[in-house]
């Protein structure tokens, strides 16, 4: 059984079919690349998987259970974390707070504990802070813990979103263009971090990415969509050579992605 | 706040004694007119800090808190009139009976306001967006009209309690500031906890908050109910400060007063709300002769504040941020 299985998923906005019978499955422990031209439906797929949109047809199974149509918070608590293409941080909060706020499952003390500042409350706060700092270290944001999140440079904000998502201790992490706006050196570091997450946190990753060198370097399997339809899939080498993919993606058959 | 339980008890006990002595001193040395302003300032603090939880911290706009205050006021007044003689018969007239009656009345008032908050909050806070502002705006007016027409609560003339005892002035400096302290410390502790962090997250980006498994609807409703309950407490204290309450005391302007307190102090800042509450109590008295121009003056004041300090006096910061930066979860300042 695959970790995540999509079967013939449809999504319609008014008269526009954003997703037309998309099926794929993500194996546990893999890094799965989702590529396609702008407007192909990649982010819509993320939104359907994470419950932001309800699919109009098909099924989405996570660990064998159908999660289609569940609320985003329920899906997130169930083990699927994500980042956003247009960064969505809590900008006025500090870097550390941005990560801590995602630790609901580590915080068992309730409102009364917070009101009376019980020992349980302090224990949970300490646990949250420790875990948040560990994650910030992993993503190289340790020294920035006290800064307001909105003041970070773009690349660090992307990594902070990953740290926040990891605070949920997910099994599956969906990354929406993690390398956007990064230079080649930063992108290279990101590749290392993604491999590290997979091996050290036994995480499975789905990656929407336009940076082809990142996709080809880290992904085990690539799925290509265009106009809401699957147009190709396979290991990176296969996809790279697929004429249909090249036609849709590059608009011409001669050139080869870097 | 200290971690050691014994130290905490000592601190709280000292504060209570100090408040009691301050109350006695105030009663002996200051004219009644000033005493009244001091009480109103305390009630305003409760109102402002309570409203700040929903309007400032959570970023959901309530425009009808006068309605919750009215419910608390009428419920507390009714219960006070009902229970006053009973409690006096049970433990004899005196400070103890007065305090007991007042606090029972306040708890009942807060309970009714909280129930109203739940009723209003559940349908309007399930959705994202400004539904709450519209619903609470209507709610505040409806409540006032209900009280204007409720005969057993005195209709438009107001509620003065039945003979022989009537509505009594149980509210004292001590109880106003005990409650103000409870509300300020309680909401401070809530704001600087995982719940408060999550409320700020909802204010900053509700979609992202959902994506990190925040139970957004539940938290918004909880915050709104707590906020309504504090308005109810303030209403109860207000009702027992004088011999009668009228529906006119809880007009839309009252909701605007509260909003002004929170905005002047800085949306999202508890210490700002405290300052705003005191400020409005004092200026309202100073402007008594200009009462009909009140909204004009408020408008001017708000325009000036928006120009000089667009986020209010303190922004989202707290007065004492600087020396507690490391120790606790601060909300940080806006970049």
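Before moving on, here are some points about what is shown:
- DSSP bridge orientation in chain A - percent antiparallel, rounded to nearest 5: 55 percent
- Distance distribution note for the protein assembly as shown: the fraction of Cα pairs above 48 angstrom is 25%.
- Counting every C-alpha pair in chain A, the share spaced more than 27 angstrom apart comes to 39%.
- Label point distance in nm, residue B:252-residue A:120, each placed 7 Å from Cα along Cα→Cβ: 4.6 nm
- Segment A:111-258 - share of DSSP beta bridges that are antiparallel (%, nearest 5): 50 percent
- Compactness index (Cα Rg / 2.2 N^0.38 Å), segment A:133-196: 1.06
- Per-residue [θ]222 nm for chain B (sum of -39500 (n - 2.57) over DSSP H runs n ≥ 4, rounded to 500): -23500 deg cm²/dmol
- DSSP finds beta bridges in the protein assembly as shown, and of those with both partners inside it, around 55 percent are antiparallel.
- GNM top mover of A:50, A:230, A:118 - chain A, alpha-carbon springs below 10 Å: A:118
- Shown is the FRET efficiency for residue B:290 and residue A:192, computed with R0 = 56 Å from the Cβ-Cβ distance and rounded to the nearest 0.05: 0.25.
- For the residues A:203, A:246, A:116, a GNM of chain A with alpha-carbon springs under 10 Å puts the largest fluctuation on A:116.
- Kirkwood Rh and Cα Rg combined as Rg/Rh, segment B:191-260: 1.15
- Prolate/oblate/rounded call for segment B:32-81, Cα gyration tensor, a/c under 1.5 rounded: oblate
- A simple spin-label model places pseudo-atoms 7 Å from Cα toward Cβ; at residue A:85 and residue A:105 they are separated by 2.8 nm.
- Chain B: Rg to Rh, with Rh as the Kirkwood radius over Cα pairs: 0.97
- Per-residue [θ]222 nm for chain A (sum of -39500 (n - 2.57) over DSSP H runs n ≥ 4, rounded to 500): -11000 deg cm²/dmol
- Most mobile of B:314, B:82, B:290 in a GNM of chain B (Cα contacts under 10 Å): B:290
Any read-out appearing in this document is the output of simple, stated calculations on the displayed coordinates, not a laboratory observation. Predicted model only: the values in this text are computed from it and were never measured. Backbone-built Cβ (ideal geometry, glycine too); neighbour counts: all protein chains shown.
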